[in-house]
1. Restrict the check to segment 9-18 and report whether at least one residue is free of Cβ contacts under 8 Å to residues at least 12 places away in the same chain, farther than 18 Å from Arg148 by Cβ and not in a loop (DSSP other than H, G, I, E, B).
2. For segment 116-136, what are the residues that are buried (at least 17 other Cβ atoms within 10 Å of the Cβ) and out of contact with any Ser or Thr (no Cβ under 6 Å at 6 or more places or on another chain)?
3. Yes or no: segment 89-96 includes at least one residue that is modelled with pLDDT under 95 and either of a type in the set (Ser, Thr, Tyr) or not in a loop (DSSP other than H, G, I, E, B) (or both).
4. Which is under 18 Å from Thr123 (Cβ atoms) and without any contact (Cβ under 8 Å) to a residue 24 or more places away in the chain, of Leu76, Leu80?
5. Given the conditions (1) surrounded by fewer than 16 Cβ atoms within 10 Å (Cβ to Cβ); (2) touching a residue at least 60 places away in the same chain (Cβ under 8 Å); (3) within 12 Å of Ala147 (Cα to Cα), report the number of the one that Thr111 does not fulfil.
6. Scanning segment 31-49 for residues that are out of contact with any Pro (no Cβ under 9 Å at 6 or more places or on another chain) and assigned to a strand (DSSP E or B), which turns out surrounded by the fewest Cβ atoms within 10 Å (Cβ to Cβ)?
7. Could you go through segment 61-75 and let me know if any residue there is part of a loop (DSSP other than H, G, I, E, B), modelled with pLDDT of 95 or more, surrounded by 12 or more Cβ atoms within 10 Å (Cβ to Cβ) and not β-branched (Val, Ile, Thr).
Amino acid sequence: MHAVITVDSVNTGRIAAIDTASGRSAIHKHAVEGPAMVTREGLIGDEIGNRGDHGGAEQAVYCYCADDLAHFEGVLQRHLPPGMFGENLTLSGIVTVDVAVGDRFTNGRVTLEVTGPRTPCATFAAHLHEPRIVKWFAKSLRTGFYARVITG
């Protein structure tokens with residue numbers, strides 16, 4: 001039996017100022033209205049602030065699970081809209097702990113292959129204004145996952 005996975009939100013962001021060492025990031029994502037285009041390097045219109053640690057074919061799309069987002073709403077005691085964790089896709093019907101490297105997901109013409117979990121960083125903590133989130137995030141195993149684009 002296969003789970004039905006739903007794309008709740010497709011999110012992109014632009015590079016903007018943030019209170020970190022680099023002073024810039026595209027972690028703040030917003031829902032895309034209408035259809036989105038994807039290439040082997042990620043979603044069209046999604047900028048990457050730090051190409052040394054993010055992006056590229058192996059991290060083309062960052063996926064985060066809506067149930068995991070709801071978990072952190074409880075932890076942080078606030079609403080977290082889709083895209084708040086910097087994810088490109090907010091997904092329902094799946095949780096991170098049920099995903100393994102090499103898993104593939106297909107939605108229409110797009111096929112993604114999981115390449116690994118997200119590693120939280122200082123930019124993530126600054127974006128959420130919560131210095132303890134990096135530790136909580138990693139310990140929870142609710143990190144979401146990166147994927148490469150197989151077909152798009």
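1. Initially, segment 9-18 is screened for residues free of Cβ contacts under 8 Å to residues at least 12 places away in the same chain, giving 17.
Those left that are additionally farther than 18 Å from Arg148 by Cβ: 17.
Going one step further and asking which of them are not in a loop (DSSP other than H, G, I, E, B), we end up with 17.
Yes; the residues of segment 9-18 include at least one that is free of Cβ contacts under 8 Å to residues at least 12 places away in the same chain, farther than 18 Å from Arg148 by Cβ and not in a loop (DSSP other than H, G, I, E, B).
2. If the condition is that a residue be buried (at least 17 other Cβ atoms within 10 Å of the Cβ) and out of contact with any Ser or Thr (no Cβ under 6 Å at 6 or more places or on another chain), then Pro120, Cys121, Phe124, Ala125, His127, Leu128, Ile133, Val134 are the ones that fit.
3. yes
4. Answer to the selection: Leu80.
5. (2)
6. Among them, the one singled out is Thr39.
7. Within segment 61-75, not a single residue is part of a loop (DSSP other than H, G, I, E, B), modelled with pLDDT of 95 or more, surrounded by 12 or more Cβ atoms within 10 Å (Cβ to Cβ) and not β-branched (Val, Ile, Thr).
Yes or no, residue by residue, for (1) closer than 18 Å to Ala60 by Cβ; (2) more than 15 Å from the chain's Cα centre (by Cα):
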site	(1), (2)
Ser92	no, no
Asp98	no, yes
Thr111	yes, yes
Pro117	yes, no
His127	no, no
Pro131	no, yes
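The values are calculated or read from the model by the stated rules, or taken from the named source; none is laboratory data. For clarity, every value in this text was computed on a predicted model and none was experimentally measured. As a convention, Cβ positions derive from the backbone with ideal geometry for all residues, glycine included, and neighbour counts pool all protein chains shown.
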